[in-house]
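Engineer: Shown below is the structure under consideration.
What follows draws every value from the coordinates through simple rules; no lab data is involved. Please read all numbers here as calculations on a predicted model, not as lab measurements. Heads up, the Cβs are rebuilt from the backbone with ideal geometry, glycines too, and the neighbour counts pull from every protein chain shown.
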Amino acid sequence: MINEEVVMNDIYKFPSDFVSAQFVKYIEQSEIENITKSLAATLNERYKGEELVIIGALKGSLLFLSDLLKHLQNIKVYVDFVHLNSVGRDKESHGTITLNKDIKTNVMGKNVLIVEEIVDTGRALHFLKSRIQQSSPRSVELLTLFDKPYKRVVPLKPDYIGKQIDDQFIIGYGLDLEEYGRNISDIYYLKYPN
């Protein structure tokens with residue numbers, strides 16, 4: 001049962017011009033924590049005793065990556081970040097990707113794990129994976145908290161998927177709507193997207 005007081009406290013993290021009735025709780029923080037721990041356990045087995053360069057895609061993956069790192073054990077972890085943008089009037093159809101911040105870590109001969117909070121069209125991750133592969137890493141794998149495979153427009157399949165979700169516009173836990181909502185601990189979907 002969802003505590004309505006907690007829901008309202010989360011909604012108040014939005015500016016007053018947002019209509020709170022538009023947001024419906026979708027995934028609770030406790031489920032996100034369980035998914036994160038499960039993904040970390042898989043990585044602990046896969047990379048036990050090895051070095052791993054983890055590349056977080058800014059800004060959305062920040063909270064998820066932070067929580068994931070807390071559960072990694074017996075792995076020598078290096079962390080770096082990229083910031084990619086889709087440009088054009090229609091992100092769904094143009095697919096032009098710009099790199100606003102590149103990694104600084106040398107990935108040659110190393111295991112690389114790209115961490116994303118959600119994969120839908122896959123264009124940005126496809127671009128990033130191809131770019132990293134040009135630096136001759138030992139391996140490149142993709143991990144996403146949420147996946148929308150039916151939105152994919154490029155041949156990309158994450159190696160590790162936390163949860164496949166419905167075709168909803170979601171916010172919270174790092175995901176935003178016009179830069180609002182990243183600080184909400186649960187995931188909400190926008191009931192009436194415009």
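Engineer: Taking amide H positions as placed 1.01 Å from N in the peptide plane, with prolines and chain starts having none, which residues 5 or more places from D186, or on another chain, fall under 5 Å of its amide H?
Structural biologist: Y173
Engineer: Right, something else. If r is the Cβ-Cβ distance from H83 to E31 and R0 is 30 Å, what FRET efficiency results, to the nearest 0.05?
Structural biologist: Values: r = 28 Å, r/R0 = 0.92.
That pair, H83 with E31, gives E of 0.60.
Engineer: Next up: Loop only by DSSP, 16 or fewer other Cβ within 10 Å of the Cβ. Give me the GluC sites (Glu not before Pro) in the stretch 89-194 that pass, ordered by residue number.
Structural biologist: Filter output for the stretch 89-194: E178, E179.
Engineer: The stretch 122-154: which trypsin sites (Lys or Arg not before Pro) are DSSP loop and have at most 15 other beta-carbon atoms within 10 angstrom? Intermediate results must be reported in sequence, preceding the final value.
Structural biologist: Details: sites: R123, K129, R131, R138, K151, R152; in loops: R138, R152.
Sparse-neighbourhood loop trypsin sites (Lys or Arg not before Pro): R138.
Engineer: List the residues whose amide H sits under 5 Å from the amide H of S135, counting only those 5 or more places along or on another chain, with H placed 1.01 Å from N in the peptide plane.
Structural biologist: Residues meeting the amide H criterion: none.
Engineer: Moving on. Roughly speaking, what is the centre-to-centre gap between the stretch 116-166 and the stretch 52-87 when only Cα atoms are used, to the nearest Å?
Structural biologist: 13 Å
Engineer: Please list 3J(HN,Hα) in residue order for the stretch 130-140, calculated via the Karplus relation 6.51 cos²θ - 1.76 cosθ + 1.60 where θ = phi - 60°; whole Hz, with x for glycine and proline.
Structural biologist: Running phi through 6.51 cos²θ - 1.76 cosθ + 1.60 with θ = phi - 60° gives 4, 5, 5, 4, 5, 8, 6, x, 5, 8, 9 Hz.
Engineer: Could you derive backbone 3J(HN,Hα) for the stretch 166-173 from the dihedral phi with the Karplus parameters 6.51, -1.76 and 1.60 (θ = phi - 60°), listing whole Hz in sequence and x where the residue is Gly or Pro?
Structural biologist: 5, 7, 10, 7, 10, 9, x, 6
Engineer: Among V79, V140, rank each residue by its count of other Cβ atoms within 10 Å, from fewest to most, as a rough exposure measure. Mind showing how you got there, number by number?
Structural biologist: Details: V79 15, V140 21.
The order, fewest Cβ neighbours first, is V79, V140.
Engineer: Each residue of the stretch 104-121 in turn: what ³J(HN,Hα) in whole Hz from Karplus with 6.51, -1.76, 1.60 and θ = phi - 60°, glycine and Pro shown as x?
Structural biologist: Residue by residue, the stretch 104-121 yields 10, 6, 6, 9, 4, x, 10, 6, 10, 10, 8, 10, 10, 7, 8, 10, 10, 5 Hz.
Engineer: Toward the positive end of the charge dipole of the stretch 129-185, about the Cα centre and with charges on Cβ (Lys, Arg +1; Asp, Glu -1), which of S130, I161, S185 goes farthest?
Structural biologist: Result: S130.
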